[in-house]
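Asker: The structure that follows is given in the form of structure tokens.
The values are calculated or read from the model by the stated rules, or taken from the named source; none is laboratory data. All of these numbers come straight from a predicted model, not from anything done at the bench. Glycine gets a Cβ as well: all are built from the backbone with ideal geometry, and neighbour counts include every protein chain shown.
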Amino acid sequence: MRTQLKKLTMYNKVNELSREGLSIRQISRNTGLDRATVRKYLRMTEEEFSASLALQKQRNRKLQPYEEFIKQRVTNYPDCSAAQGEDCGLLLLSQGASVFRLPFQRQYLQG
């Protein structure tokens, strides 16, 4: 949800800078976005942009089939660091496991 809000904010900023007369290159430098992304945002209507966000939300993730396993391991071993992941039985695939780790650490600390 937060990522979608960031993208929407950036989409609006790109369009605002374009209305102010900035070139694609200037917008790219100003926002830190790739020029291709700036072009893509400028070509899209608000409806098309909203539709693309909805499609991104529905996409399958690579670790989705393993989500329950990872959640269970992170819950069982909340103090286990990424370096100790193998010892705790965690399957750490690049940054994929961190996607599941953060919400559970917060829940563990609050509970």
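Asker: Hey, can you tell me all the residues within the stretch 47-75 that are in a helix (DSSP H, G or I) and touching a helix residue (DSSP H, G or I) at 6+ places or on another chain (Cβ under 8 Å)?
Answerer: Matches in the stretch 47-75: Phe49, Leu53, Gln56, Lys57, Glu67, Ile70, Lys71, Arg73, Val74, Thr75.
Asker: Is it the case that some residue within the stretch 31-38 is surrounded by 14 or more Cβ atoms within 10 Å (Cβ to Cβ), farther than 19 Å from Lys7 by Cα and either among the charged types (D, E, K, R) or in contact with a Lys or Arg (Cβ under 7 Å, 6 or more places away or on another chain) (or both)?
Answerer: No, the stretch 31-38 has no match at all.
Residue-wise test of (1) within 18 Å of Leu5 (Cβ to Cβ); (2) modelled with pLDDT of 85 or more; (3) of a type in the set (S, T, N, Q); (4) outside the structural domain of Lys6 (by TED's automatic domain parsing).
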residue: Gly21; (1), (2), (3), (4): no, yes, no, no
residue: Arg25; (1), (2), (3), (4): no, yes, no, no
residue: Lys40; (1), (2), (3), (4): no, yes, no, no
residue: Arg43; (1), (2), (3), (4): no, yes, no, no
residue: Glu46; (1), (2), (3), (4): yes, yes, no, no
residue: Ala54; (1), (2), (3), (4): yes, yes, no, no
residue: Phe69; (1), (2), (3), (4): no, no, no, yes
residue: Arg73; (1), (2), (3), (4): no, no, no, yes
residue: Asn76; (1), (2), (3), (4): no, no, yes, yes
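Asker: Among Leu33, Leu5, which is the only one that is under 17 Å from Ala54 (Cβ atoms) and without any contact (Cβ under 8 Å) to a residue 60 or more places away in the chain? Give the steps one after another, and end with the answer.
Answerer: Numbers: Leu33 fails: under 17 Å from Ala54 (Cβ atoms).
Only one candidate qualifies: Leu5.
Asker: What are the residues in the stretch 1-23 that are surrounded by 13 or more Cβ atoms within 10 Å (Cβ to Cβ), part of a helix (DSSP H, G or I) and aliphatic (A, V, I, L, M), if any?
Answerer: Leu8, Met10, Val14, Leu17
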